Structure formats: C-alpha cells, structure tokens
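In what follows, a single structure is set out as structure tokens and then discussed.
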Amino acid sequence: MSENRQALKASKRVVVKIGSALLTNDGRGLYAEGLDTWVSQLAALRASGRELVLVSSGAVAEGMTRLGWRERPDNLHKLQAAAAVGQMGLVHAYETRFRAHGLQTAQILLGHDDISARDRYLNARSTLLTLLELGVVPVVNENDTVVTDEIRFGDNDTLAALVANLIDADTLVILTDQRGLFEEDPRSNPNAKLISEASVEDRTLDVMVGGAAGSLGRGGMLTKLRAARLASRSGANTVIVGGREDRVLDRVFGAEDLGTLLLSKEPPITARKKWLAGQLQLRGAVQIDDGAVRVLRQQGRSLLPVGVVAVTGQFSRGDLVRCVDAQGNEVARGLVNYCADDARRLQGASSAKIAELLGFVGEPELIHRDNLVVSG
Ligand SMILES: Nc1ncnc2c1ncn2[C@@H]1O[C@H](COP(=O)(O)OP(=O)(O)O)[C@@H](O)[C@H]1O
Ligand SMILES: N[C@@H](CCC(=O)OP(=O)(O)O)C(=O)O
C-alpha cells in the first residue's frame, strides 16, 4: 500500500463530490441504491470523527426526469427551471437518508460571486465551518437558478475544488461514472489503463483528459484534473474514483488502491498561506502594539481588536490588509473580518465590547489566524 494512500486514512476534513451521471443513474432518475450506500459510508466517515462537506450535482438531470424531458435544453432559463425542480429531489433524497443515520443536513447553494467576493468568501467560509462544528453535513450545489451563463462554474468539479479551498479540506473525493482517470477516455478505448497515482503537477496528464463529458455531466475528466489542481492550491489531495465501486468511500479512506490519487505538492498549511498571500491586492494597514506583534510572530495567534493601535486606508470586510509594528515594519498580512470604519471603532477594545461598539458581532478576531500570513 502506498505511503501516500496511507495519508488518506488520516484525513480530517473531506469534500466529496458526486457527479450527475452517477447520481441520476445515467438520467434514469435518482440512483436510490447508490445514494443509500454513499450516505451510509458518509455517515461512517462522520462517525469516525472526520468533517464532511458533500457537493452534489444532479439538479438539472433530476429536474429533467421529473419534467419528463429527454433532452437537455439549450435555453438557459429552461435549464434553470429544471435545476430548481431537481434540487428539491436532491435535498429530499439526502435529508431523509442522513436523518436515518441521525445526521442533520444543510443546503448551501453557491454562485461564483460567493467565493470570489472577499466579504462573501468569509461569510461562506464561516457558515460552512460553523455547520461542521455543529456536526451538520452541508450539501452544496451551484445556485443554478440565478447564475447567468458567463459566470457559471459550469461543472461541480470546479465548485467542489473551490469549496475544498474555502474550508481547508485535506482531501477532495470526486465520485464519477468511470473507475478513475485513464490514460485515454475509456469510452473510446475500453483497454485504456487506469492511473493509480500521480502528482497534480504532472503535465503528461493533460493529454489524457481530452475526451468530452458524458451526456449528463458537464466537465469530463478535464475539469476533474483542473479541479484537483485548484484543490492542491490549498494543499488538498484529490481522489477521482468510480462511485459504483463496492464500499467505495470506506475503501478510499481505508487507503486501498482504488481510483486515481492526485497528489498536492505541498502540505495544506504552507499551500494555503501561499495561496492567500498571492490572492489579492493590499487595501490598507493596521498598526499593532508590541504584545500583538509577539503573539502573531511567536505563537501564530489571531489578531484581536485589543492589539490594534491605528487603522489606515479604506478597506472592506474580506480585504487583504497589512499588520505593521510601531516602526511601520510589516509583521503579517491577512483577510480582515471588519471594514476600516468598524476596525477604527474597535481598535484597542476587548472583543467582549464588539456588540456594544458596533451593534452586532461577527467574529471576535479582527483577523483570524487561519487567514493570516506572518511575513518572512
Ligand atoms: N482519460 C479519461 N479517463 C476517464 N474518463 C474520461 C477520460 N477522458 C474523458 N473521460 C470522460 O469523462 C466522463 C466523466 O465526466 P462527466 O461526464 O463530466 O462526469 P460527472 O457527471 O461525474 O462529472 C467519463 O464518462 C468519460 O467518458
Ligand atoms: N449544478 C448542476 C451541476 C452541473 C453538472 O452537470 O456537473 P457534473 O455532473 O458534476 O459535471 C446540477 O446540479 O445539475
């Protein structure tokens, strides 16, 4: 058994994505037996202490079945209508099954803006992490009814990878209708060889994924490889594997050689911090006192409002700001939880005073340590 596979056993925070073709049994309606077995394996993953987010496609495909449509419409509004109908089916299917295992579910519909706009990014992240803390299983899909053509993720592989970045998942599992990534599209060459393990960086993979998606899926293998690369930006490894394999999730997390493991180059913390630092333009600065400089540098702690002496610039919640010492030297940079005006009101105050000073409480930290990179 490969050492890299062993790491899957230790994974703590997992995103599992289920594709349309698989979930709807190639358009024949929701695949009830599949759902039964995946949900019971997902429940077992939760019971073993892992945190779990499910990204499920299939709203359009299920909506088409419910509406009696045989062909996927080209018209965007018809697609959106189908998604709205089908999403009801998805939510119902997951809700009832997870409940039978004593687990609560939550529906999260995300659009592109929710992840690219910094304030919404922080909100989406905080809500997902809060749900995980509460032991709830979030079931995510794209918010198909309101997105327009240009800004659609288009496929849920990308969405799943962005969710993995958002919550710092260590593993992304993409369940699909093939057993994994093959050297060639197995629909055109049934003798093609399955890749068991590769680095996401491996450029020889690019030529292997040229084949189109199935008639129900959107992305094919190309978007799955891209998704694995996106997920690796925050250090997640990706497994692309056949959802019809017997006890597929138990076996993947038991480190069995199943499907294709695509390895991230770097461990999650280094990768995430680099990703964060490279993301955005600086929008302002907060000057912090000596005590705050010490805890940020030496203990890797969050920045609390009490350690802030001055605030410069006009920034919004979710923007990247510099933390500087009394001499103006950069100590760290990070994504700020409050806009500049609120940060000014909070500077020097204890976190217990936030409600009194602002009339609401978001987070007790001005910058959470997960969103903070100490400067070298
Ligand atoms: N190298 C490859 N290995 C495996 N499958 C491939 C490859 N190239 C293209 N494909 C196609 O990708 C399809 C899976 O993608 P897609 O239909 O988008 O599924 P999903 O709905 O699970 O996202 C497979 O059915 C297969 O025909
Ligand atoms: N949001 C869409 C998912 C789009 C899609 O088909 O994705 P996928 O099957 O993962 O390639 C839906 O629920 O139908």
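Of all the strands (runs of 3 or more DSSP E) wholly in segment 1-112, which have at least 1 residues that are within 16 Å of ligand 1 (Cβ to nearest atom) and touching a residue at least 40 places away in the same chain (Cβ under 8 Å)? I'd like the intermediate steps shown before the answer.
Values: elements: 13-18, 51-56, 105-110.
Because the criterion is at least 1 residues that are within 16 Å of ligand 1 (Cβ to nearest atom) and touching a residue at least 40 places away in the same chain (Cβ under 8 Å), the strands (runs of 3 or more DSSP E) in segment 1-112 that meet it are 13-18, 51-56.
The residue that is farthest from the chain's Cα centre (by Cα), counting only those in segment 190-223 that are outside any loop (DSSP other than H, G, I, E, B) and at pLDDT 95 or above, is Leu194. Got a sec? Which of Ser57, Ser48, Ser40, Ser20 is in the same structural domain as Met221 (by TED's automatic domain parsing), among the hydroxyl-bearing types (Ser, Thr, Tyr), over 30 Å from Leu335 (Cβ atoms) and within 16 Å of ligand 2 (Cβ to nearest atom)? Going through Ser57, Ser48, Ser40, Ser20 in turn, the sole match is Ser20.
Rundown of residues vs (1) small (Gly, Ala, Ser); (2) within 11 Å of Ala227 (Cβ to Cβ); (3) within 16 Å of ligand 2 (Cβ to nearest atom), yes/no style:
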| site | (1), (2), (3) |
| --- | --- |
| Thr158 | no, yes, yes |
| Ala161 | yes, yes, yes |
| Ala164 | yes, yes, yes |
| Thr171 | no, no, no |
| Ile174 | no, yes, yes |
| Phe182 | no, no, no |
| Arg187 | no, no, yes |
| Lys193 | no, no, no |
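Here's a check for you: in segment 305-321, which residue that is crowded, with 21+ Cβ neighbours inside 10 Å and at pLDDT 95 or above is farthest from Gln287 (Cα to Cα)? This residue is Pro305.
The values are calculated or read from the model by the stated rules, or taken from the named source; none is laboratory data. The structure displayed is predicted, hence computed values, not measured ones. Positions of Cβ are backbone-derived with ideal geometry, glycine not excepted, and every protein chain shown enters the neighbour counts.
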